[in-house]
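Data first, discussion second: the structure below is written as structure tokens.
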Amino acid sequence: MPSDRLVERRRVFQQYKEDVKDRGKPFYPYAMFHDTVMSLVVVTVILGLAIIWKYTTPGNHHTTAAGWLGKLYDKPADPGTINFVPRPDWYFYFLFYLLRIFKWPHSVILGTIGIPTIALVLLLAIPFLDVRAERRLLRRPVAIVASILVVLSMGVLTYKGATAKEALGTELLAKVPSWAKKQGFSNNPTAIAGARLFAESGCLNCHTYLGTGGHNLGAPNLSAEGAKNKGIAFQISHLKCPACVNSGSPMPSFAGLGQANLTKLATFLEASKGGK
């Protein structure tokens, strides 16, 4: 037979369950205690992972070698690369892929603001719209179906965003023939090669060229750069070290492209006289 102590514990536990069923559970100290314990568990796990990441890296001081959980540092960014495709962190892959569906300029506002905002508003409104006390899942088919659809859609969009293939500068490269025609260097293969590099190297993130590019960063329009007759040697020097040529210039160095590619870019810039 069970001991008196065990019988008492069972009786108290049964009474506790009946009280919770009749009157609910007070937030303090029960729910607050559970939340505190769970928060401590999460923080401890994060802290432990950070310590493992730090101290399992070989040398663990400005090294690009990988430890158990990856590298502490990557190599310095190369502004002259034409192979890097910027991508968001994995938890934004769903939004990243939404932008491939709702493309600029007509519907990008729907993909970036419209759909996420509508979903957030609905999430905040659910507690006010569904006030039933029913908690059994089988008796809440609408909520279950909606939850499954949300999880599936987020999962599919995240997967598609993670596996999406990018064609480097495809849209900008398509503009090169029209640039060459408007600027009159269609018969200059070096200038055309420079125009392709210009489209691929991210120059239009800051500069504008014949109506294309980043209008909001304050970098000059290069459509008529060649009309200034600065010369190819000047353009190469400027691309190698912008701050050396123009004191205080925030433009990064593109020396990493190499002399041959810099010559192509410089030829393209000098051939850009403003367009017809």
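The values are calculated or read from the model by the stated rules, or taken from the named source; none is laboratory data. Just so it is clear, the model here is predicted, and its values are computed rather than measured. All Cβ positions, glycine included, derive from the backbone under ideal geometry; neighbour counts span all protein chains shown.
Quick notes on this structure:
- Residue in the range 176-185 that is modelled with pLDDT under 90, within 30 Å of residue 264 (Cβ to Cβ) and surrounded by 18 or more Cβ atoms within 10 Å (Cβ to Cβ) present: no
- Failed condition for residue 250, given (1) part of a helix (DSSP H, G or I); (2) out of contact with any Cys (no Cβ under 8 Å at 6 or more places or on another chain): (1)
- Restricting the range 239-263 to residues that are under 25 Å from residue 182 (Cβ atoms) and out of contact with any Phe, Trp or Tyr (no Cβ under 9 Å at 6 or more places or on another chain), the residue that is surrounded by the fewest Cβ atoms within 10 Å (Cβ to Cβ): 251
- Evaluation of residue 205 against (1) over 28 Å from residue 115 (Cβ atoms); (2) in contact with a Gly (Cβ under 6 Å, 6 or more places away or on another chain) (one fails), failing number: (1)
- Of the candidates 172, 110, 98, the single residue that is within 30 Å of residue 269 (Cβ to Cβ), at pLDDT below 90 and surrounded by 11 or more Cβ atoms within 10 Å (Cβ to Cβ) is 172.
- Under the condition of being surrounded by fewer than 10 Cβ atoms within 10 Å (Cβ to Cβ) and outside any helix (DSSP H, G or I), the residues counted in the range 135-154 number 2.
- No other residue among 52, 82 is surrounded by 11 or more Cβ atoms within 10 Å (Cβ to Cβ) and at pLDDT 85 or above apart from 52.
- In the range 184-225, residue farthest from the chain's Cα centre (by Cα) [restricted to those that are assigned to a strand (DSSP E or B) and under 18 Å from residue 252 (Cα atoms)]: 221
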